[in-house]
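Worksheet for the structure shown next.
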4 protein chains.
Amino acid sequence: MGLAFDARELEAYMAEIFPQVAEDFAIDTLSAEGITMRLKVAERHLRPGGTVSGPSMFALADVTVYALVLSRLGAKALAVTTNSSLDFMRKPEAGCDIIAKGQLLKLGRSLAVGDVHMFSQGSDKMVARSTMTYSIPPVR
Amino acid sequence: MGLAFDARELEAYMAEIFPQVAEDFAIDTLSAEGITMRLKVAERHLRPGGTVSGPSMFALADVTVYALVLSRLGAKALAVTTNSSLDFMRKPEAGCDIIAKGQLLKLGRSLAVGDVHMFSQGSDKMVARSTMTYSIPPVR
Amino acid sequence: MGLAFDARELEAYMAEIFPQVAEDFAIDTLSAEGITMRLKVAERHLRPGGTVSGPSMFALADVTVYALVLSRLGAKALAVTTNSSLDFMRKPEAGCDIIAKGQLLKLGRSLAVGDVHMFSQGSDKMVARSTMTYSIPPVR
Amino acid sequence: MGLAFDARELEAYMAEIFPQVAEDFAIDTLSAEGITMRLKVAERHLRPGGTVSGPSMFALADVTVYALVLSRLGAKALAVTTNSSLDFMRKPEAGCDIIAKGQLLKLGRSLAVGDVHMFSQGSDKMVARSTMTYSIPPVR
């Protein structure tokens, strides 16, 4: 399936529809195989002790799969998260961005499923993983 | 199992250790049976269109189970989220707080499991549900 | 929403379409509020040591939510499991049936979500919980 | 981390401790990177219509991660499933074995997390995915 956006176009489109989200995330790469999304870690994403918070990791996984869906279906697509699972394996390293590698496992007529592996930048130890299911309502 | 805190004491303790979290959440009730936690919905929790964002719902579920663990184990307890599942069933109503009803399903020596049902205030239609597993490292 | 079957009719219908499943499960109660499904524990459901196997618990949760969907939508309904989460909290007691209490959290046009709490018969300690999502393809 | 077993030794050990399981599964490959486990699909794994049943897919994912844990920790290891998530993406092809590719995401002192991707033999379309968490009680 072709891509409706390249990385810069998708980033610009997401900044337009989700202005709050734009300062937190950047798209490092986007291709037919998948996406690399970056959480630009700042004070507001941290828990006491310096760990990146669970909700920030959830947000990263969610936006990664949402971006994958938009990149295939284009700007007209509606998509609503219906289910997510998250496993937290390791404490992220302090002072690092989190890098999410996302892949669409399914893009059906009414459901999309994406898998996300998250790492501290520069490390190959997985910090967390997530699967997100999006429901895609019919365009009217 | 007895409670180490009442609702006001637990809220005060959580405000002390998680200052960023305190303005988002309030404990409505706390008992041996469970907890009622409120997400005080504000502009920063919303997505375009007025829906409460997924990360805000995740944060609510997470803090609900964390509060349950603290209420049983007291202030010395360490607890780290290791796994979560979330199902989003309905769009929350606009302009309403989200009310989470949480229950501990297990409080073992090394793992705690809590279940959370979330509603728009005043409605009995479930908006989302979540199960959260916390790992409880041994106190040294 | 009314019920398309009572407990005996639903059991008979499921035995007809899933003959392999009929000897494993019985419906204890069925109402507008939910269902009580019984796993009739036999040798083939056990792991060494006498625990009920994980796949048997999965099968119980799955059939419980499937029965809930059929009880609402009737025999014409198609429904396919798309997602499940399971938490195992305690070892089931030896030589007991497992009792599943199931509830539909959502019955939408294209997705149904059900929640299942599982107990050893006669105990109120939850052995496992599960959420199952079914996709409901349009009837043609 | 070194391997405590090679593929044939592990298969033999699992057949010894889980005789019921041995006729359902075979280990195709085992290495430091991961495992390939085969569900030898037979009549008893099928649903009406020829689909491999959900409980059979669950059993495959569960045994895959259990084998990964045993391969690292050796025969003395105890390990109990505490959590699982499964996503079903596509109907498996009729008359094919299911091939599971498993990988350990974490092997900590008290928790192991494994990821499993399942395919119909000869196809690269993912049929289902699962994450399984095992609790590893201390050896006494």
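The lone criterion from (1) touching a residue at least 40 places away in the same chain (Cβ under 8 Å); (2) of a type in the set (A, V, I, L, M, F, W, C); (3) away from chain D (no Cβ under 13 Å); (4) within 24 Å of B:Val63 (Cα to Cα) left unmet by A:Met118 is number (3).
Considering D:Lys101, D:Lys106, which residue is of a type in the set (Lys, Arg) and touching a residue at least 12 places away in the same chain (Cβ under 8 Å)? Residue meeting the stated conditions: D:Lys101. If only residues of the stretch B:39-55 that are free of Cβ contacts under 8 Å to residues at least 24 places away in the same chain and touching an Asp or Glu at 6+ places or on another chain (Cβ under 9 Å) are counted, the one that is nearest to the other protein chains (Cβ to nearest Cβ) is B:Pro55.
Scanning the stretch B:24-38 finds no residues that are in a strand (DSSP E or B), surrounded by 21 or more Cβ atoms within 10 Å (Cβ to Cβ), in contact with a His (Cβ under 7 Å, 6 or more places away or on another chain) and away from every other protein chain (no Cβ under 11 Å).
Could you grab me the full set of residues in the stretch B:25-44 that are more than 17 Å from B:Gly102 (Cα to Cα) and under 15 Å from the mean Cα position of the chain (by Cα)? Before you say what the answer is, go through the steps one by one.
Let us first name the residues in the stretch B:25-44 that are more than 17 Å from B:Gly102 (Cα to Cα), namely B:41-44.
Correct list: B:Val41 only.
For the stretch D:68-82, a residue qualifies if it is within 15 Å of D:Ala15 (Cα to Cα) and assigned to a loop (DSSP other than H, G, I, E, B), and the qualifying residues are D:Gly74, D:Ala75. Set side by side, the residues A:Val21, A:Val65 differ, and just one is within 14 Å of chain D (Cβ to nearest Cβ) and either assigned to a helix (DSSP H, G or I) or closer than 24 Å to B:Arg44 by Cα (or both), which is A:Val65. Of the residues screened, A:Ser71 is one that is surrounded by 24 or more Cβ atoms within 10 Å (Cβ to Cβ), away from chain D (no Cβ under 14 Å) and small (Gly, Ala, Ser).
Restricting the stretch A:74-107 to residues that are farther than 29 Å from B:Ala79 by Cβ and modelled with pLDDT under 95 leaves a set whose member that is nearest to the other protein chains (Cβ to nearest Cβ) is A:Val80.
Answer yes if at least one residue in the stretch A:122-134 is surrounded by fewer than 20 Cβ atoms within 10 Å (Cβ to Cβ) and of a type in the set (S, T, N, Q), and no otherwise. Checked the stretch A:122-134: at least one residue is surrounded by fewer than 20 Cβ atoms within 10 Å (Cβ to Cβ) and of a type in the set (S, T, N, Q).
The values are calculated or read from the model by the stated rules, or taken from the named source; none is laboratory data. Everything numeric here is computed off the predicted structure, so don't read it as measured data. When we count neighbours, we look across all protein chains shown, and the Cβ atoms used for this are built from the backbone with ideal geometry, even at glycine.
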